[in-house]
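Just so it is clear, none of the values below were taken in a lab; they were calculated from the coordinates. Please read these numbers as outputs of a predicted model, since none were measured by experiment.
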Amino acid sequence: MRSISHILLVAVVFASTVFGLEGGHLTADQMKRYDRLTHELIAPCCWREPIAIHRSPEALQMLGDVQKLVVAGYSENEIKNIYVSRYGPRILADPPGMDWYWLSVIPFIVLVSLMLAAVLRLRSLVARTPSPSIAAPADILAQVKTETENTW
């Protein structure tokens, strides 16, 4: 009984592999599009990794669906729009909009502004601070003067 179940399991795996690969041959151009899409779509189970990397059942299902859509001739934008309509813009690794501006340009401007403010503040503090004048007693000054004259 046990050997029959093993044989049956091997037959099912073999049949699913053969039938699964028959309709999914990708050309070089389709493979490039498939690769780009699978790295641009985020796995909806945890929203952390692209479906190309993530190995949850949802991500694996999406991999198969994306492959079928690419083979069927859908463009990248059409496939992205299908998933955006299903899951929202969060499904995209790089959602449209001005987020890149806020995340990259604004922190740089704030950093430069703070550095400029610090430099200006330090310059104003240095300009206002009087230079210390050392007033030595007259007898010490005379002793130093006599010692320097003797050495020359």
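In this structure, the amide hydrogen of Leu92, modeled 1.01 Å from its nitrogen in the peptide plane, lies closer than 5 angstrom to those of Ile42, counting only residues at least 5 positions away or on a different chain. You can think of it this way: the chain between Val144 and Thr27 has 32.9 nm of extra reach, that is 0.36 nm per residue less the Cα-Cα gap. Of all lysines in the structure, the ones whose alpha carbon falls short of 16 Å from that of Lys68, not counting any fewer than 8 places away in one chain, are Lys32, Lys80. In a fully extended conformation the segment linking Ala72 and Val126 would gain 12.3 nm over its present Cα-Cα distance, using 0.36 nm per residue.
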